[in-house]
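Enquirer: Would you mind keeping the following structure in view while I ask a few things?
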Amino acid sequence: MLARRLVCHGLFAAAALAQFQPPQTPVTFDGTLKAYDKKFLIVETAPEQTVRLEIDRKTKLLDAKGKSLTKPPEEGSQVAVDGMKRLNGVLVALTIKVL
């Protein structure tokens, strides 16, 4: 009985460690803003290649000089987006810089 409990706890610990990922460095996506919403944005990085990133409350919106913006960028504007992958595999935007 004790051995069975130890095996179950060991499997649980192994599963928890398998989900752990070390901290990742942000990746920058440069391109044209195709869509902007309260929850996500879509950037066209190359012809007919797009990247969808989620926006959360920590996402910062900056102008070319690094100052904070109050209004969302217009579709078609050039942007540089620093993004990071969450543990669930979804890309999230950390900063959106309008160029």
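Enquirer: Looking at the range 66-85, which of its residues are among the charged types (D, E, K, R) and under 17 Å from Thr28 (Cα atoms)?
Expert: Asp82, Lys85
Enquirer: Output the residues belonging to the range 42-88 that are in contact (Cβ under 8 Å) with a residue 40 or more places away in the chain and farther than 18 Å from Val98 by Cβ.
Expert: Met84, Lys85, Leu87
Yes/no per residue for (1) assigned to a strand (DSSP E or B); (2) among the hydroxyl-bearing types (Ser, Thr, Tyr); (3) loosely packed, with under 15 Cβ neighbours inside 10 Å; (4) at pLDDT below 95:
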residue	(1), (2), (3), (4)
Leu11	no, no, yes, yes
Ala35	yes, no, yes, no
Leu41	yes, no, no, no
Leu53	yes, no, no, no
Gly66	no, no, yes, yes
Glu74	no, no, yes, yes
Gly89	no, no, yes, yes
Lys97	yes, no, no, no
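The values are calculated or read from the model by the stated rules, or taken from the named source; none is laboratory data. The structure displayed is predicted, hence computed values, not measured ones. Note: ideal-geometry Cβ built from the backbone for every residue, glycine included; neighbour counts use all protein chains shown.
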